[in-house]
Every structure is written in structure tokens, then in C-alpha cells.
Amino acid sequence: MPPFSSANVSQILNLLDIPSESNVSRTMVDTLKMCEGRGEVEGEVKRCSTSIEGMVEFVVSRFGSDVDLLSDTSVVGSGQRVTVTKASKRENIIGGKPPVTCHSLMFPYGVSYCHSINGSEVFDLQLEVVQDKEKVTRNATAICHYLSDGAGGKQAACHPVFGEMLVWTSKSKRD
């Protein structure tokens, strides 16, 4: 496989037999632009990985090898309104470095966009979901990035950790 690079996009398309004017081709080019471009936010450090090993290498470069991995594969509440009944910030993360969040990107093979934004925080959530006419309580995790609003203030962009999204933090203190 040619290296993951926009300079090699025609080789990749040819090798995978993908028409150059297709939606898949356009999505691949967008993914490559995102991966090769500068970070979109001040204080963002990013890397695209085409393997689990590459992702782990980036995480270890940020924290060392003593890390916690947060993920959520539960589908309880998917596509439904949920009520957050409790939210608590993770205060016990050692080292104070911002978490690394990894998102899957659209590409014919696995590509993860991993980034760390200064000031990001991780929250543990308790959610209430109505499922089959019964209230179900479940735990979840969210990550909040605090972005400049252009007027000297900060605006929170928070999203739950779910599906193929992973959040890595330096190891938490154990009580």
C-alpha cells in the first residue's frame, strides 16, 4: 500500500479500484487534507494514524506508557433523548496533561484522527434513558474542549465518548 498521503492519492485510488470522481474518492481527499493540515484550534496537537500501533505511539509520546483508555460501546440510548442526571469532572488525572481523543475518519481502511487540545477535560456522566417504556440509568463519559470565542472568552464544545471514539488520559490515581 502506498504511504497515507495526498501525494499518493491516485496510487491509492488505483490500487483499491476506486473511481477518481466518486464520493468515496472525494471523502478520501477530505480525510487526507484534514490529516495533513494544521490543527484547527490554538493549542491543538494532532496526528492521524493508520494503525493501532501508530495511535499508541502518539499517546505514549504525550503521556508515557501509564495511561487510561476510556471508551463506550453501549447502544443504550442511541438515537434517543437522554437526561444527564449527574456529571462529575475527573479531577484525579496524574500529570495534568490534556486528554487525547481519537475519532475514526472515513477512508477505505482504518484511519484515526487523534488530537489533544489544551484545557480539555473529561467528565463521568450518569444518564437516564427511556427504553421500552422503562427508565434505564447508565454511565457514560464526555470530553469537553474549551475553545476561544474570539472575544477573549472560552466556549465549551462537549461530546459524549461513544462508538469508535477513544479517549486516552494519563493514569488516574487509585484510591
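The values are calculated or read from the model by the stated rules, or taken from the named source; none is laboratory data. No experiment lies behind these values; they were computed from the predicted model shown. Counting neighbours? That spans all protein chains shown, and the Cβs are built from the backbone with ideal geometry, glycine included.
Summary of values
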item: Given (1) in contact with a Leu (Cβ under 7 Å, 6 or more places away or on another chain); (2) surrounded by 14 or more Cβ atoms within 10 Å (Cβ to Cβ), number of the condition residue 20 does not satisfy; result: (2)
item: Some residue of region 43-63 being in contact with a helix residue (DSSP H, G or I) (Cβ under 9 Å, 6 or more places away or on another chain) and without any contact (Cβ under 8 Å) to a residue 40 or more places away in the chain; result: no
item: Test for residue 116: is it in contact (Cβ under 8 Å) with a residue 40 or more places away in the chain, among the hydroxyl-bearing types (Ser, Thr, Tyr) and crowded, with 18+ Cβ neighbours inside 10 Å; result: yes
item: Wholly enclosed helices (runs of 4 or more DSSP H) of region 1-72 bearing at least 3 residues at pLDDT 90 or above and more than 29 Å from residue 97 (Cα to Cα); result: 9-15, 23-36
item: Members of region 68-81 that are crowded, with 17+ Cβ neighbours inside 10 Å and within 16 Å of the chain's Cα centre (by Cα); result: 70, 72
item: Region 69-84 residues that are assigned by TED's automatic domain parsing to the domain that holds residue 142, paired with ones that are in a loop (DSSP other than H, G, I, E, B) and among the β-branched types (Val, Ile, Thr) (beta carbon under 6 Å, 6 or more apart); result: 70/161; 72/161
